Amino acid sequence: MGGYGSGRGQRGKNTTSDMRALDVRRLQRDGLLIPGQAFGWNWMRHGETVASIQIRTEVDRLILDYRSRSNGGEWQAMEYPVRVAWTPCNLGGRRAWFRCPAPGCGRRVAILYGGSRFACRHCHRLVYDCQREPDHDRAVRRADTIRRQLGWEPGILNGSGRKPKGMHWRTFERLRAEHDAFVNAALAGMAQSLGLVNRRLTGLWDHLIGGG
């Protein structure tokens, strides 16, 4: 895993799915924030453990204990506290938050991401997967979201369906207009991408047959 603060440049940043995520909501839901506990936390892939840490709970903080290495270097022991903050919920009870342990941060966040050090998304300079989508892929995804709302068959090439029973016409017309705008944007983006590919292939072919 890349170290804390190790981005890949503006267009090549890691995404949140590239890192090991530690979610305080899951810990709270599983009753693991009660002081005085010690337990292991594993990350699984295809039924196998790919990473693990040890966690001890104290009053309003966790102690993370694990080993880390960067770029195939020597393993280093890591042990440090992560503060836990609490906010009241509207319907009673409290919600837990991590305070990012990266030096100079302290943001209140639900998820920390593990590089050589666990830190928030901002400190690791991570982007969400959807932020790396091409514009036309994002338009396809948004159009399909509306199709699900309307109960239409998935896939923007399947055409429009009917108004769902019980939906107001004004709502339907608004959603259909948004859907059509996303479809048009998606098709235009796909056409542009195919045009770029075709031009590159044509240029390569001309280069080869021209002996350049």
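Before moving on, here are some points about what is shown:
- The lone exception for Gly189 - which of (1) loosely packed, with under 13 Cβ neighbours inside 10 Å; (2) modelled with pLDDT under 90 it fails: (1)
- Residue within the stretch 196-212 that is in a loop (DSSP other than H, G, I, E, B) and at pLDDT 85 or above present: no
- The stretch 45-63: number of residues that are hydroxyl-bearing (Ser, Thr, Tyr) and within 15 Å of Gln28 (Cβ to Cβ): 1
- Residue match in the stretch 109-118 (condition: more than 18 Å from Pro81 (Cα to Cα), buried (at least 18 other Cβ atoms within 10 Å of the Cβ) and at pLDDT 90 or above): no
- Test: residue in the stretch 85-98 that is in the same structural domain as Leu32 (by TED's automatic domain parsing), within 21 Å of Ala21 (Cβ to Cβ), among the polar types (S, T, N, Q) and in contact (Cβ under 8 Å) with a residue 24 or more places away in the chain: no
- Residue check for Ile146: touching a helix residue (DSSP H, G or I) at 6+ places or on another chain (Cβ under 9 Å), surrounded by 12 or more Cβ atoms within 10 Å (Cβ to Cβ), outside the structural domain of Ala102 (by TED's automatic domain parsing) and modelled with pLDDT under 85: no
- Condition broken by Glu58, with the remaining ones in (1) modelled with pLDDT under 95; (2) exposed (fewer than 14 other Cβ atoms within 10 Å of the Cβ) satisfied: (1)
The values are calculated or read from the model by the stated rules, or taken from the named source; none is laboratory data. Keep in mind it's a predicted model, so treat the numbers as computed, not measured. Heads up, the Cβs are rebuilt from the backbone with ideal geometry, glycines too, and the neighbour counts pull from every protein chain shown.
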